[in-house]
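Asker: Below: one structure in structure tokens.
The values are calculated or read from the model by the stated rules, or taken from the named source; none is laboratory data. If you're wondering where the values come from, they're calculated on a predicted model, not measured in any experiment. With ideal geometry, Cβ positions are generated from the backbone for all residues, glycine too; neighbour counts draw on all protein chains shown.
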Amino acid sequence: MTQPISRFWQRSLASGFLAALMTSLCLGSGCNTLEPAPPSSAEELQTQPLSPLPLRALAQQRRLQIGTAVQVKPLQQEAPYRQILAREFNQITTENAMKFRVIHPKPDRYDFTDADQIVRFAQTHRMAVHGHAMVWYRTQPDWLTQGEWTRQTLMPVLKDHIRTVVRQYRGRVQSWDVVNEAIDDQGNLRDNLWLRVIGPEYIAIAFQEAHAADPKARLFYNDYGGEEVGKKSDAIYDLVKTLRDQGVPIHGVGLQMHKTIKRPPKFDRIHKNLQRLQALGLDVRITEMDVQIHGGQGNLTQKLHAQAQVYQQILKLCLNAPNCKALTVWGLSDQHSWIPEFFKRPDAPLLFDSAYQPKPAYNALKALLQ
């Protein structure tokens, strides 16, 4: 969803304040106007001159995918978007183009137009593609949500959709969010069309069909709020363990990592969750990371520094976990983040601002990767 620049950020950009901040902000311990300094390891990293290499080159040296979610409209219309995308990232996720409503708008029609354009761009620039999202309770077409289904009539719809989409991109999409957000906030299976009509086994069926359509693709369960050990992550762990025990072809878990500086992550709890997923033999991807700063009020310098610390510490956890294979941010520029429209307030949750200038969070990732 492309968002207009808020009035707050327009004023900031017009005054030159935000652009100046991006280039002049000190990230070291000598900046006494910032919030409390990060741990000494991060502090030491920030005193080093930043490498001239882009993020993707530094990530590739660590055998890590550094990615972003891509929207087709700015990809078509904005040259800076294309330039930064190709330069800085070695992996992309299709933000909306492969969701059910977009790619399967009618019962007898698939529309691969937007997804094809994103995949072609990735191939041209030697980027891995992560497909999102095969089976989800949202962004479904009216013909699906308003239909009168039985188990016998809905099952072929589920199987045909997965087979058709995965086969279309066989060999070109390396990994998929096969099932997205099937656990609710209380740790129960989320009420949705698939659960009500087909039953809990719709999850296993989805993975089996995706694997049959492309046996080489890596298949993930993806969810929000399950990064730290706790009620929801326990439920996700139980779900994927059960799938593994049943021989279902699942290769990993996607941790969305939508965070905020008002409630910073508990990094030790994320570390424990990564460890137990590794013990199951499952990979982990950070799939949709953004960090809200609740912009518009307060000290912007402090907020951007706090945001940079969260990004850097999550990357550090990922680099230190053998099973963490990717870190993907949910959007390239603040101008195209979903957060301002969804929460009805200005924000700047991504690595590049609305004018495509790198922010302290970008520099923090680069400092750690180098």
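Asker: Taking the conditions exactly as written (within 15 Å of Thr68 (Cα to Cα), outside any loop (DSSP other than H, G, I, E, B), charged (D, E, K, R) and within 20 Å of the chain's Cα centre (by Cα)), does Glu341 satisfy them or not?
Answerer: Working: within 15 Å of Thr68 (Cα to Cα): no; outside any loop (DSSP other than H, G, I, E, B): yes; charged (D, E, K, R): yes; within 20 Å of the chain's Cα centre (by Cα): yes.
No, not satisfied.
Asker: Test Val102 against the stated conditions and say whether it is within 30 Å of Ala57 (Cβ to Cβ), under 24 Å from the mean Cα position of the chain (by Cα) and outside any loop (DSSP other than H, G, I, E, B).
Answerer: Numbers: within 30 Å of Ala57 (Cβ to Cβ): no; under 24 Å from the mean Cα position of the chain (by Cα): yes; outside any loop (DSSP other than H, G, I, E, B): yes.
Considered against the rule, which asks whether it is within 30 Å of Ala57 (Cβ to Cβ), under 24 Å from the mean Cα position of the chain (by Cα) and outside any loop (DSSP other than H, G, I, E, B), Val102 comes out as no.
Asker: Here's something else I'd like to know. Does Val119 satisfy being of a type outside the set (Phe, Trp, Tyr) and more than 26 Å from Asp353 (Cα to Cα)?
Answerer: no
Asker: Something else about it: Every residue in segment 298-317 that is at pLDDT 95 or above and aliphatic (A, V, I, L, M), please.
Answerer: Leu304, Ala306, Ala308, Val310, Ile314, Leu315, Leu317
Asker: A further question follows. Regarding Arg269, is this residue within 30 Å of Ala204 (Cβ to Cβ), touching a strand residue (DSSP E or B) at 6+ places or on another chain (Cβ under 8 Å) and either surrounded by fewer than 18 Cβ atoms within 10 Å (Cβ to Cβ) or charged (D, E, K, R) (or both)?
Answerer: Details: within 30 Å of Ala204 (Cβ to Cβ): yes; touching a strand residue (DSSP E or B) at 6+ places or on another chain (Cβ under 8 Å): no; either surrounded by fewer than 18 Cβ atoms within 10 Å (Cβ to Cβ) or charged (D, E, K, R) (or both): yes.
No: the conditions fail for Arg269.
Asker: Just need a number here: residues in segment 231-248 that are without any contact (Cβ under 8 Å) to a residue 40 or more places away in the chain and polar (S, T, N, Q).
Answerer: Qualifying residue count, segment 231-248: 1.
Asker: Given the criterion at pLDDT 95 or above, out of contact with any Cys (no Cβ under 7 Å at 6 or more places or on another chain) and farther than 20 Å from Phe100 by Cβ, identify the matching residue among Arg190, Arg218.
Answerer: Numbers: Arg190 fails: farther than 20 Å from Phe100 by Cβ.
Arg218 is the lone residue from the list that is at pLDDT 95 or above, out of contact with any Cys (no Cβ under 7 Å at 6 or more places or on another chain) and farther than 20 Å from Phe100 by Cβ.
Asker: For Lys259, are the conditions met, namely being out of contact with any Phe, Trp or Tyr (no Cβ under 8 Å at 6 or more places or on another chain), among the charged types (D, E, K, R) and crowded, with 16+ Cβ neighbours inside 10 Å? Step through it out loud before you land on a result.
Answerer: Numbers: out of contact with any Phe, Trp or Tyr (no Cβ under 8 Å at 6 or more places or on another chain): yes; among the charged types (D, E, K, R): yes; crowded, with 16+ Cβ neighbours inside 10 Å: yes.
So Lys259 passes the test.
Asker: On to the next question. For segment 310-338, name all the residues that are closer than 17 Å to Arg56 by Cα and in a loop (DSSP other than H, G, I, E, B).
Answerer: Trp330, Gly331, Leu332
Asker: Ok, one more. Considering only residues that are touching a His at 6+ places or on another chain (Cβ under 8 Å) and either closer than 19 Å to Gln71 by Cα or modelled with pLDDT under 95 (or both), which ones fall in segment 142-179?
Answerer: Val165, Val173, Gln174, Ser175, Trp176, Asp177
Asker: How about segment 205-232: which of its residues are of a type outside the set (A, V, I, L, M), closer than 16 Å to Asn180 by Cβ and either surrounded by 23 or more Cβ atoms within 10 Å (Cβ to Cβ) or in contact with a Gly (Cβ under 6 Å, 6 or more places away or on another chain) (or both)? Before the answer, list the steps.
Answerer: So the first thing to find is which residues in segment 205-232 are of a type outside the set (A, V, I, L, M), and the list is 207-209, 211, 214-216, 218, 220-228, 230-232.
Adding the requirement that they be closer than 16 Å to Asn180 by Cβ leaves 207, 209, 218, 220-227, 232.
Phe207, Phe220, Tyr221, Asn222, Asp223, Gly226, Glu227, Lys232, listed by residue number.
Asker: To continue, here is another question. Which numbered condition trips up Pro249, out of (1) under 19 Å from the mean Cα position of the chain (by Cα); (2) over 15 Å from His130 (Cα atoms); (3) not in a helix (DSSP H, G or I); (4) not basic (Lys, Arg)?
Answerer: Every condition holds for Pro249 apart from (1).
Asker: If you check Val291 against the conditions, is it in contact (Cβ under 8 Å) with a residue 12 or more places away in the chain, assigned to a helix (DSSP H, G or I) and buried (at least 16 other Cβ atoms within 10 Å of the Cβ)? Before you say what the answer is, go through the steps one by one.
Answerer: Working: in contact (Cβ under 8 Å) with a residue 12 or more places away in the chain: yes; assigned to a helix (DSSP H, G or I): no; buried (at least 16 other Cβ atoms within 10 Å of the Cβ): yes.
In short, no.
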